[in-house]
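Colleague: This structure is in structure tokens; I'll ask about it shortly.
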Amino acid sequence: MTSSARGREAGGLLLGMAAVLAWASSASGVLWIGRQLGAWQYLAIGNGIGCLGQIAVYGMLGRGPRELFRLPPRLWAVALLGFVFYSACYASGLLAAATDAQAVGVGLMNHLWPVLTVGFSLLLVPDSRWSARLGLALGLSLAGLAVANWREIAAAGAGGAALPYALGGLAGISWALYSALIARWRGWGHRYATAPAGFLMVSAMGAAVCLLNGEWRPVHAGVWLALLYQGLIPNAAGYLLWELALHRAPATSLGLMASVTPVLSTLCLLGLFALTGQSGRLPAQWGALLLGAALVASAAVLVSIPSRWGRRLRVAPATVKDEATP
């Protein structure tokens, strides 16, 4: 590898690390802002800011709004799945959680997407094949969810306690399916970016629901600061940095880096709960929550590393945002 290639790859890994750090606080931001404004108003404003942020950056890179929103119909449909359906399920699931511990469990359900992406790729991406390692990764993911959530599930009554978990699972499934479809059509990856269109559709959906239901609330200064951070850092910057990283560094290396996201996200949530949570302290089972997050992260590692024969799956966790921005 030449020195210029090594420098390019090192730069890509740094960009990927910045994206992962930006995403680590995403669930905490969604939960805190959503508890102030509701899910739909958060989606309207936070994703609107993300859309404007991406338009501004792409403009500096020489790509105007007309180019960004001129997508093939197929990509509009995929963005509807990967952004609109995903965002609605994820935010609603987090905010429907009855306890702080359950909110962590919902976040971990969403973080099944790396393993599920590889599973969907078996059906959708040519040359992707089942392996014992993928089976082990699925087992580790399920074990992580069981370890993190068994107390909440055991203590829950029959009245709708499963809904937040179902929404978190649907979020992970939809993002994984989106990712596999983007990997199948990766030839479009360098010509189109679906994130600006996706953020725009999510924002429009959230605003429409708020206006129809009369749920628009006043936004105070502290909440505006949180919205600006959420819209510009995890949304606009995180997705864009990941896309740039994928153009420079191997997807498998980035996938290994991104596998720490469930643990970092859980740590951020526990910090949020210690400061502002419903009980003013950490959930009693915080150790089990971290262990569950570590097991889910280890599953992501398994599907990120190359096989011992040197052949890589065409889809790894990192490709999840291959075209959306990343």
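The values are calculated or read from the model by the stated rules, or taken from the named source; none is laboratory data. Remember, it's a predicted structure, so these values are computed and weren't measured experimentally. Cβ coordinates were reconstructed from backbone atoms using ideal geometry, including for glycine residues, and neighbour counts include every protein chain displayed. Only protein heavy atoms, including side chains, enter the accessible area calculation; ligands, DNA and RNA are left aside. Shrake-Rupley method; radii C 1.70, N 1.55, O 1.52, S 1.80 Å.
Colleague: Collect the residues in segment 71-88 that are free of Cβ contacts under 8 Å to residues at least 40 places away in the same chain and closer than 14 Å to TRP188 by Cα, keeping them in residue-number order.
Modeller: Of everything in segment 71-88, just one residue is free of Cβ contacts under 8 Å to residues at least 40 places away in the same chain and closer than 14 Å to TRP188 by Cα, namely PRO73.
Colleague: Given LEU275, LEU267, LEU225, which one is over 30 Å from GLY135 (Cβ atoms) and modelled with pLDDT of 85 or more?
Modeller: None of the others qualify; the one that does is LEU225.
Colleague: Checking SER4 against (1) open to solvent by 50 Å² or more (accessible area, probe 1.4 Å); (2) in contact (Cβ under 8 Å) with a residue 40 or more places away in the chain: exactly one of these is not met. Which one?
Modeller: Evaluating SER4 over (1) open to solvent by 50 Å² or more (accessible area, probe 1.4 Å); (2) in contact (Cβ under 8 Å) with a residue 40 or more places away in the chain leaves (2) as the failure.
Colleague: Regarding GLY46, is this residue over 17 Å from the mean Cα position of the chain (by Cα), touching a residue at least 40 places away in the same chain (Cβ under 8 Å) and open to solvent by less than 30 Å² (accessible area, probe 1.4 Å)?
Modeller: no
Colleague: Return the residues of segment 192-217 that are of a type outside the set (Val, Ile, Thr), in a helix (DSSP H, G or I) and more than 22 Å from GLU67 (Cα to Cα); say none if nothing qualifies.
Modeller: MET205, GLY206, ALA207, ALA208, CYS210, LEU211, LEU212, ASN213
Colleague: Something else now. Would you check if there is a residue in segment 49-59 being in a helix (DSSP H, G or I), hydroxyl-bearing (Ser, Thr, Tyr) and under 19 Å from the mean Cα position of the chain (by Cα)?
Modeller: No.
Colleague: Does any residue of segment 11-25 turn out to be part of a helix (DSSP H, G or I), over 27 Å from THR117 (Cα atoms), touching a residue at least 40 places away in the same chain (Cβ under 8 Å) and not β-branched (Val, Ile, Thr)?
Modeller: The answer is no, given that none of the residues of segment 11-25 is part of a helix (DSSP H, G or I), over 27 Å from THR117 (Cα atoms), touching a residue at least 40 places away in the same chain (Cβ under 8 Å) and not β-branched (Val, Ile, Thr).
Colleague: Okay, next question. Do we find that ILE33 is at pLDDT 95 or above and either open to solvent by 20 Å² or more (accessible area, probe 1.4 Å) or not in a helix (DSSP H, G or I) (or both) in this structure?
Modeller: no
Colleague: Might you check whether a residue that is more than 17 Å from ALA171 (Cβ to Cβ) and surrounded by 21 or more Cβ atoms within 10 Å (Cβ to Cβ) occurs anywhere in segment 77-97?
Modeller: No, the conditions are met nowhere in segment 77-97.
Colleague: Would you point out which residue out of LEU108, LEU80 is within 17 Å of the chain's Cα centre (by Cα) and within 25 Å of ALA137 (Cα to Cα)? Before you say what the answer is, go through the steps one by one.
Modeller: On the way: LEU80 fails: within 25 Å of ALA137 (Cα to Cα).
Matching residue, one of LEU108, LEU80: LEU108.
Colleague: Now, a different point. If MET109 satisfies every condition in (1) in contact with a Gly (Cβ under 9 Å, 6 or more places away or on another chain); (2) surrounded by fewer than 24 Cβ atoms within 10 Å (Cβ to Cβ) but one, which is the exception?
Modeller: Only one criterion is unmet by MET109, namely (2).
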